[in-house]
Amino acid sequence: MALTHVNVPPENHVKVLDGQGWVGLIDTLGTETTIVNAARVSFGKIRQEMDERDVALLHYLIENRHTSPLEHIVFTFSVHCPLFVRGQWHRHRTWSYNEISRRYTEIDMEFYVPPKLRKQAENNRQASVACEDFDDAALREVIRAQNEQSLKTYESLLAAGVCREQARGVLSQNMMVTFWGTVDLSNLIHFLELRDSEHAQWEIREYAKAIKKLIKPVVPHVAEYYESKGEVW
């Protein structure tokens, strides 16, 4: 069987970051019916299809934070993102991760260039603000040149015989990395609450929005609940 590069997006994926990144849904375990069956397991009955009472139960579970039944649905995603986004993502320790390693390969090296630069917020050290009159074309070119220079330095170290595990240290935080992440629905919802927020960095927020698009067909009544609260799914 032929192997496919991990940097190739899966068929079911959503592009983000002006097309430079993507997130794809690799696998799913369970359905919304699994949730209500788990909630009613003490009665020893199993339903095969959702009805209105099941939908009401599902919404009740979410509303009242009875989240353990939601843990019986599991998603696996493939994510192509800059290293700094990966760093933020990995703070969510309820996920399981595996990623491409530059100890083993130097193929498919890509670097992120922001489609639009933002200015530092004056009253928040960890926040940025959009600025429509900010002429960033020349500054974005500086970022692009620095990305290219870090790659040239990396390649020159490899050519001189330096091992990949040390040479990779010169690569920019804008380097794109591909990883797999697996998480249950309860912890995924927590991730989405934090990362699709006006307080989250724009880049990772783009991935959270994409994940909502990917999982909505799998958990339509979960999406319906949050949409009823005014959220976008």
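Every number here is computed from the coordinates shown, using simple stated rules; none is lab data. Predicted model, so just to flag it, every value in this text is computed and none were measured.
Using amide H atoms built in the peptide plane, which far-off residues or other-chain residues are under 5 Å from Glu110 H to H?
Met176
What shape does the range 101-212 take by its C-alpha gyration tensor, where a ≥ b ≥ c are the square roots of the eigenvalues and a/c under 1.5 counts as rounded, a/b above b/c as prolate, and the rest as oblate?
oblate
Which helices, counted as full DSSP H runs in the chain, have an axial Cα extent of no less than 30 Å and a Kyte-Doolittle average of -0.5 or above?
Helix filter hits for the chain: 137-159.
Over the chain, what is the relative contact order in whole percent, taking alpha-carbon pairs under 8 Å and six or more residues apart?
Rounded, it is 29 percent for the chain.
Mind checking which of Ser186, Ser156, Ser101 has the largest fluctuation in a GNM of the chain, springs on alpha carbons under 10 Å?
Ser156
For the chain, what number of Lys pairs, 8 or more residues apart or on separate chains, have alpha-carbon atoms under 16 Å from each other?
5
Any idea what the alpha-carbon Rg over 2.2 N^0.38 Å comes to for the chain? Before the final figure, lay out each step's value.
On the way: Rg = 20.9 Å, N = 233, 2.2 N^0.38 = 17.5 Å.
Its radius of gyration relative to the 2.2 N^0.38 Å reference: 1.20.
Rounded to the nearest 500, what is the 222 nm mean residue ellipticity of the chain from helices alone, with -39500 (n - 2.57) per DSSP H run of 4+ residues and division by all residues?
Using -39500 (n - 2.57) per qualifying helix, the result is -11500 deg cm²/dmol.
Bin all alpha-carbon pair distances of the range 44-182 at 10 Å intervals from 0 and give each bin's fraction as a whole percent.
Taking all Cα pairs of the range 44-182, the binned fractions are 9, 25, 24, 20, 13, 7, 1 percent.
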